[in-house]
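Step one of this worksheet: look at the structure below.
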Amino acid sequence: MTACSLAFVPPLGSPVSAEIAAIAVRAAASAQVFVDDMARAVPSADDLHHVGRVLRLRAGEEVIVSDGAGHWARTLWQGGDTAALAPLHGAPGPGGDGSVQHEAAPAPALTVAFAPTKGERPEWVVQKLTELGIDRIVPLLSERSVVRWGAARQQGAVERLRRVAREAAAQCRRVWLPEISDVVTFGDLESLGAPGEVVLAQLSGDRPRVTHRVVAVGPEGGWSAAELASGLATVGFGLSVLRAETAAVTAGALMVSLRTGTVAPVAPMGESS
């Protein structure tokens with residue numbers, strides 16, 4: 001496997017050039033793993049198996065370690081029975097001296113809430129939203145939801161989504177793990193953001209704005225009349241009727257693109273555009 005492609009490359013000298021330099025270094029590494037303690041940098045047994053047995057890294061190949069809270073460092077895979085990681089020294093680029101780097105969390109934080117559909121599509125949605133850079137992903141129970149996890153199954157399903165997000169974050173060299181929340185009901189949506197920040201995805205809705213920090217995507221059957229009458233604003237994604245999982249990923253792509261200025265100039269904080 002290879003790291004995900006860079007989707008946004010601003011001109012040199014722009015305010016985010018340092019971030020681009022950092023992600024370029026991480027993308028060039030052979031793998032990334034998450035650790036609990038950057039001071040010890042000991043990967044889990046599963047990660048060691050993945051790097052050593054699945055990816056079959058050779059001794060001396062570079063591996064990024066991160067704590068999922070913005071800290072990361074460059075190491076060298078040692079191979080052998082111990083499968084140890086050693087600090088990297090004397091390499092060009094950020095972290096080339098083996099020091100721990102830190103990146104601030106993306107701002108503003110962005111959330112996509114979605115009603116899970118059947119099969120493995122919820123995992124696909126979480127994977128893609130993680131790749132795109134969404135900060136919080138919320139499984140949503142709405143009036144017309146087809147998938148209704150029981151209490152026991154719900155916890156297992158959410159834990160599975162968290163594992164998917166972790167794997168996707170490592171694949172795409174994210175150093176901030178997204179939050180995968182417990183299941184919320186439609187009535188809880190407004191509590192996920194400040195007034196005006198929470199919107200519903202709907203075919204007839206207005207265009208997304210930088211002030212929309214939480215976008216909720218309904219189930220395959222759409223929102224109920226009562227949900228549409230809840231007072232939450234709506235946003236649309238064009239003239240096509242999208243599948244629920246496609247709408248969730250489209251929402252994430254547009255939100256992140258507005259935040260980074262990929263599709264339009266970044267508006268000052270608090271300004272709607």
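The values are calculated or read from the model by the stated rules, or taken from the named source; none is laboratory data. This one's a predicted model, so the numbers in the text were calculated from it and none came from an experiment. As a convention, Cβ positions derive from the backbone with ideal geometry for all residues, glycine included, and neighbour counts pool all protein chains shown.
State whether the residues of the stretch 102-120 include one that is more than 21 Å from Arg174 (Cβ to Cβ), of a type in the set (Val, Ile, Thr) and not assigned by TED's automatic domain parsing to the domain that holds Arg243.
No, the conditions are met nowhere in the stretch 102-120.
Keeping to the stretch 160-184, report how many residues are of a type outside the set (Lys, Arg), assigned to a helix (DSSP H, G or I) and free of Cβ contacts under 8 Å to residues at least 60 places away in the same chain.
Total meeting the criteria: 5.
Against the conditions (1) surrounded by 15 or more Cβ atoms within 10 Å (Cβ to Cβ); (2) of a type outside the set (S, T, N, Q); (3) within 24 Å of Ser44 (Cβ to Cβ), where does Arg163 fall short? Just the number, please.
Exception for Arg163: condition (1).
Taking the stretch 142-201 as the region of interest, how many residues are in contact with a helix residue (DSSP H, G or I) (Cβ under 6 Å, 6 or more places away or on another chain) and closer than 26 Å to His102 by Cβ?
Number satisfying all stated conditions: 9.
Tell me which residues, restricted to the stretch 68-77, are closer than 14 Å to Ser99 by Cα and either modelled with pLDDT under 95 or crowded, with 20+ Cβ neighbours inside 10 Å (or both). Show your work before the answer.
Just the residues of the stretch 68-77 that are closer than 14 Å to Ser99 by Cα, to begin with: 70-76.
Result: Trp72, Ala73, Arg74, Thr75, Leu76.
Find all pairs meeting these conditions: Cβ atoms under 8 angstrom apart; at least six residues apart or on different chains; first residue within the stretch 141-159 and at pLDDT 85 or above and loosely packed, with under 15 Cβ neighbours inside 10 Å; second residue acidic (Asp, Glu) and not in a loop (DSSP other than H, G, I, E, B).
none
Is there any pair linking a residue in the stretch 245-258 that is charged (D, E, K, R) to one that is part of a helix (DSSP H, G or I), with Cβ under 9 Å and at least six apart or on different chains, and which?
Glu245/Arg121; Glu245/Pro122; Glu245/Trp124; Glu245/Val125; Glu245/Lys128
Going through the stretch 106-132 one residue at a time, which ones are in contact with a strand residue (DSSP E or B) (Cβ under 8 Å, 6 or more places away or on another chain) and of a type in the set (S, T, N, Q)?
Matches in the stretch 106-132: Thr111, Thr130.
Which members of the stretch 190-215 meet the condition of being more than 16 Å from Arg259 (Cβ to Cβ) and either surrounded by 13 or more Cβ atoms within 10 Å (Cβ to Cβ) or of a type in the set (Phe, Trp, Tyr) (or both)?
Within the stretch 190-215, Glu190, Leu192, Gly196, Val198, Leu200, Ala201, Gln202, Leu203, Gly205 qualify.
Mind listing just one residue for me: the one in the stretch 78-123 that is outside any loop (DSSP other than H, G, I, E, B) and surrounded by fewer than 16 Cβ atoms within 10 Å (Cβ to Cβ) and, of those, nearest to the chain's Cα centre (by Cα)?
His102
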